[in-house]
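In what follows, a structure is listed as structure tokens, so that the remarks can point back to it.
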Amino acid sequence: CGKDARMNKEWVLFHLKEALEEIENTIKEIETEPEYDDSEFSVAVAHLYHHVNTAWNSRNCSDQDVDESSDDNFTKWGQFPSDLDISC
């Protein structure tokens, strides 16, 4: 995975769609489950962040990089980005 590589749009879209599905499921659960609580929300948000973070952190990885990904990459890619300015 290199900074100068092209964005792997299919990989990014996969993770963004997974994140969207998690958001939709979370909204549905909050709206319909009276007992929905912080612990369930925590799991949902962690899952959501994993996919959004992975979409960003591995956006320039080739299909081969993704296919050969290690547990270390899975963990690294799921971390909050260190190179993203969010001071909007």
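The values are calculated or read from the model by the stated rules, or taken from the named source; none is laboratory data. Given the structure is predicted, the values throughout are model-derived calculations rather than measurements. FYI the Cβ positions are ideal-geometry reconstructions off the backbone, even for glycines, and counts take in every protein chain you see. These accessible areas exclude ligands, DNA and RNA; they are computed on the full protein's heavy atoms, side chains included. Shrake-Rupley method; radii C 1.70, N 1.55, O 1.52, S 1.80 Å.
Can you give the net charge of the other residues whose Cβ lies under 15 Å from the Cβ of D83, counting K and R as +1 and D and E as -1?
Value of the local net charge: +1.
Taking label points 7 Å from Cα along the Cα-to-Cβ direction, E33 and C1 give a separation of 3.0 nm.
For W11, the shell of other residues with beta-carbons less than 14 Å away shows a net charge of -2, using +1 for Lys and Arg and -1 for Asp and Glu.
For the chain, the carbon plus sulfur part of the accessible surface works out to 53%, probe radius 1.4 Å. FRET efficiency for the pair N25 and F74, taken as 1/(1 + (r/R0)^6) with r the Cβ-Cβ distance and R0 = 22 Å, rounds to 0.50. Over all other residues within a Cβ to Cβ distance under 14 Å of E24, the charged ones net out to -3, with Lys and Arg as +1 and Asp and Glu as -1.
Computed from label points 7 Å out along Cα-Cβ, the spacing between S62 and E10 is 1.4 nm.
Within a straight-line Cα-Cα reach of under 21 Å, K17 can be paired with the following lysines, leaving aside sequence neighbours fewer than 8 residues apart in one chain: K9, K28, K76.
Counting only Cβ charges, +1 for Lys and Arg and -1 for Asp and Glu, the dipole size of the chain around its Cα centre is about 560 debye. The mean accessible area for residues of the chain, using a 1.4 Å probe and ignoring ligands and nucleic acids, is 77 Å² per residue. The alpha-carbon atoms of the chain, seen along their principal axes, cover 47, 31, 22 angstrom, with the largest extent given first.
Helix 38-57 and the longest principal axis of the C-alpha atoms of the chain enclose an angle of approximately 20°. Between V52, F80, S62, the Cα set farthest toward the positive side of the dipole of the chain (charges on each charged residue's Cβ, about the Cα centre) is that of S62.
If packing is taken as the mean number of other Cβ atoms within 10 Å per residue, what is the order of 67-77, 11-21, 47-57, highest first?
47-57, 11-21, 67-77
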